[in-house]
Amino acid sequence: MTYQPNPYQPAAAAGWHLEPGTNRYRWWDGVNWGVYHDQMPAGYVAPVVQPVGSGTATGTNGYAVAALVLGIWGFVTTWIPLFIGLFLGGIPDLLAIVFGILGIVRANANGGRGLAMSVVGLVFGGLAFFSIFLGAGTIW
């Protein structure tokens, strides 16, 4: 009996694998199952093969994403006159500053993942928040 692999899944590398349906280990040469089964060397540990897309996110920096989104939102809305910009952009500006700082701290711990987004969010949030003291969102 030849095993027909699913063409939508990547083929597993050659080695000892658990054969579907029989619950025993057989040699897989990358295309077909071999004739040998249950003859693995002592102490052999089969590699864990994860399907594509089944892994978890590896260290996404949520603070950096939040800083970038809030920084852009605050930067765009703070400039609306007649106190509308002050209400729509003031709180997001502050949150962008806080999340930008937290994102930089987390990026330094994660090997730099999300550092650029944190800095851009911090800069946008800081500029927009500073512009409130110059009258943005209130009179012009």
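In this simple spin-label model, placing a label point 7 Å from the Cα along the Cα-to-Cβ direction at both Ile84 and Ala109 gives a separation of 4.1 nm. Annotation for segment 66-82 versus segment 101-127: alpha-carbon center distance of 17 Å. If you sort Trp28, Trp33, Trp79 by accessible surface, 1.4 Å probe, largest first, the order is Trp79, Trp33, Trp28. Rounded to the nearest whole Hz, the Karplus-based 3J(HN,Hα) values (6.51 cos²θ - 1.76 cosθ + 1.60, θ = phi - 60°) of segment 121-126 follow the sequence x, 5, 5, 4, x, x, with x at glycine and proline.
The values are calculated or read from the model by the stated rules, or taken from the named source; none is laboratory data. What you are looking at is a predicted structure, and each value in this text was computed from that prediction instead of being measured. Reconstructed Cβ throughout: ideal geometry from the backbone, glycine too, with neighbour counts over all protein chains shown. Calculation scope for accessible area: heavy atoms of the full protein, side chains included, ligands and nucleic acids excluded. Shrake-Rupley method; radii C 1.70, N 1.55, O 1.52, S 1.80 Å.
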